[in-house]
């Protein structure tokens, strides 16, 4: 299927590769780029959910049921997608996990390791197969889904906050490495978005966005090739204030924040 690309100039849409595509933000990205006519490469652990999603989309989808912590499997998927669809115009490293964690709890140490491996190493694994081909093509977008939770540490979410802080810094490093290559690196830091991940949060979530609306806003940021953006903009103001607060003030406020339940499925 061929339609106008993201620039609206009548050229065929370039392929798009998305990890964490079986639900939430990843599935919404798949729906968004399917409407634009892009051939999709979709990665997730859950084969059945990927197949259901692909069956609902009006474009060619290549499915890769795998775990993003498996670097060899992702490298093979990347090579296969390039052979079948060409060098992608957009790669979205969206796969992520979240759970409440407490360092004092021995049972949570495995969760710490899993969250960091998926949210940080999994992002590097997702980009690795595409960096050289995209650099050779002199174009493209490498997009990482981080979070406002990576701006300052949240109580009861040490693993998640640490992983998203690391993701933000990793993406900055990658952006500088690729400066002048024609490949843009885009860091997305969503606030609260209606997904299965946030559905379990037992506390108010200010500026909560429906997932398809959040993705529409993030897609505009990707199109513009912006280096970093918080979605929605209101959370961007909150994020700036969080950065500016001295530790004593932040600690008092954060200590009263709601906490994600421990022991969620990863």
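The values are calculated or read from the model by the stated rules, or taken from the named source; none is laboratory data. Everything numeric in this text was worked out from a predicted model, so none of it was measured. Neighbour counts run over all protein chains shown; Cβ positions are idealised from the backbone, glycine included.
Just to be sure, is residue 44 modelled with pLDDT of 95 or more and closer than 30 Å to residue 154 by Cα? Write out each step before concluding.
Working: modelled with pLDDT of 95 or more: yes; closer than 30 Å to residue 154 by Cα: yes.
Taking the combined requirement at face value, the residue satisfies it.
Examine the range 58-70 for a residue that is surrounded by 22 or more Cβ atoms within 10 Å (Cβ to Cβ), modelled with pLDDT of 95 or more, part of a loop (DSSP other than H, G, I, E, B) and in contact with a helix residue (DSSP H, G or I) (Cβ under 9 Å, 6 or more places away or on another chain), and state whether such a residue exists.
yes
Which ones in the range 1-24 are touching a helix residue (DSSP H, G or I) at 6+ places or on another chain (Cβ under 9 Å), closer than 25 Å to residue 210 by Cα, surrounded by 15 or more Cβ atoms within 10 Å (Cβ to Cβ) and modelled with pLDDT under 95?
Those that are touching a helix residue (DSSP H, G or I) at 6+ places or on another chain (Cβ under 9 Å), closer than 25 Å to residue 210 by Cα, surrounded by 15 or more Cβ atoms within 10 Å (Cβ to Cβ) and modelled with pLDDT under 95: 6, 22, 23, 24.
Give the residues of the range 74-113 that are more than 28 Å from residue 223 (Cβ to Cβ), out of contact with any helix residue (DSSP H, G or I) (no Cβ under 9 Å at 6 or more places or on another chain) and in a helix (DSSP H, G or I), sorted by residue number.
Result: 106, 107, 109, 110.
For the subset of the range 30-45 comprising residues that are over 22 Å from residue 79 (Cβ atoms) and touching a residue at least 60 places away in the same chain (Cβ under 8 Å), which member is surrounded by the fewest Cβ atoms within 10 Å (Cβ to Cβ)?
Applying the first criterion (over 22 Å from residue 79 (Cβ atoms)) to the range 30-45 yields 31-32, 34-37.
Those left that are additionally touching a residue at least 60 places away in the same chain (Cβ under 8 Å): 31-32.
Numbers: 31: 16, 32: 19.
This residue is 31.
Tell me, which residue of the range 162-199 that is without any contact (Cβ under 8 Å) to a residue 12 or more places away in the chain, touching a helix residue (DSSP H, G or I) at 6+ places or on another chain (Cβ under 9 Å) and under 25 Å from residue 100 (Cβ atoms) is surrounded by the fewest Cβ atoms within 10 Å (Cβ to Cβ)? Working first, answer last.
Filtering the range 162-199 for residues without any contact (Cβ under 8 Å) to a residue 12 or more places away in the chain gives 169, 173, 176-177, 179-180, 198-199.
Still in the running and touching a helix residue (DSSP H, G or I) at 6+ places or on another chain (Cβ under 9 Å): 169, 177, 198.
Still in the running and under 25 Å from residue 100 (Cβ atoms): 169, 198.
Numbers: 169: 14, 198: 17.
Taking the candidates together, the pick is 169.
What are the residues in the range 128-161 that are touching a helix residue (DSSP H, G or I) at 6+ places or on another chain (Cβ under 7 Å), assigned to a helix (DSSP H, G or I) and surrounded by 20 or more Cβ atoms within 10 Å (Cβ to Cβ), if any? Lay out the reasoning, then the answer.
If we filter the range 128-161 for residues that are touching a helix residue (DSSP H, G or I) at 6+ places or on another chain (Cβ under 7 Å), which is where we start, we get 128-130, 133, 140-155, 157, 159-161.
Those left that are additionally assigned to a helix (DSSP H, G or I): 128-130, 133, 148-150, 159-161.
Matches in the range 128-161: 129, 130, 148, 149, 150, 159, 160, 161.
Find all pairs meeting these conditions: Cβ atoms under 9 angstrom apart; at least six residues apart or on different chains; first residue within the range 76-91 and loosely packed, with under 14 Cβ neighbours inside 10 Å; second residue not in a helix (DSSP H, G or I).
84/15; 84/39; 84/41; 84/60; 84/62
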